[in-house]
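First the structure, in the form of structure tokens, and then the observations on it.
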């Protein structure tokens, strides 16, 4: 199937962007924990706003593509109340919660000066998403490739293109 209309290939491409952002996040978190200058730490923490902007917009769009386009169709074959889709939905919820708390801690940093909780939350968020992506690509997307017809994939891709 042409990758321009293959929703699984499109979602995997999104994952590559997420991985790149998570790698940047982990680099920032290591630097934040190792610097001794408050000024430098403040600058590094300000850089985290780019990460939260990505999660608020791009990651949320990716989640919605899965939740609104892929999962309902694939769920007809493997269910949504239990199993892989259920787990993915729970992890999307957990990711959103961690992201919101991470953003709140970053926004409150100048008042609280609690960089350790920022590091801990950021690392938890990163670990969750790396694991989540691995499960999607090695379990869920393989199921989707084998279960879904070309017509279903085309319909999923058309729906994904409407999600902004």
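Listed here are the residues, each with its yes/no results for (1) touching a residue at least 12 places away in the same chain (Cβ under 8 Å); (2) surrounded by fewer than 17 Cβ atoms within 10 Å (Cβ to Cβ); (3) outside any helix (DSSP H, G or I).
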position	(1), (2), (3)
118	yes, no, no
124	yes, yes, no
130	yes, yes, no
133	yes, no, no
139	yes, yes, no
146	no, yes, no
154	yes, yes, no
Residue ID - nearest to residue 143 (Cα to Cα), chosen from residues in region 95-116 that are within 13 Å of the chain's Cα centre (by Cα) and surrounded by 15 or more Cβ atoms within 10 Å (Cβ to Cβ): 95
Pairs with Cβ under 8 Å, 6+ apart, first in region 6-28 and at pLDDT below 95, second crowded, with 19+ Cβ neighbours inside 10 Å and in a helix (DSSP H, G or I): 6/153; 6/157
Unique match (being part of a helix (DSSP H, G or I) and at pLDDT below 95) among 60, 68, 50: 50
Scope region 145-163; condition closer than 20 Å to residue 84 by Cβ and under 19 Å from the mean Cα position of the chain (by Cα); matching residues: 160
Residue 110 vs. criteria more than 30 Å from residue 73 (Cα to Cα), in a helix (DSSP H, G or I), in contact with a helix residue (DSSP H, G or I) (Cβ under 8 Å, 6 or more places away or on another chain) and at pLDDT below 95: yes
Residues that are farther than 15 Å from residue 143 by Cα and assigned to a helix (DSSP H, G or I), drawn from region 71-94: 89, 90, 91, 92, 93, 94
Which numbered condition residue 63 misses (of (1) under 21 Å from the mean Cα position of the chain (by Cα); (2) without any contact (Cβ under 8 Å) to a residue 60 or more places away in the chain; (3) surrounded by 14 or more Cβ atoms within 10 Å (Cβ to Cβ); (4) over 23 Å from residue 150 (Cα atoms)): (4)
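The values are calculated or read from the model by the stated rules, or taken from the named source; none is laboratory data. All values derive from a computational prediction rather than experimental measurement. Note: ideal-geometry Cβ built from the backbone for every residue, glycine included; neighbour counts use all protein chains shown.
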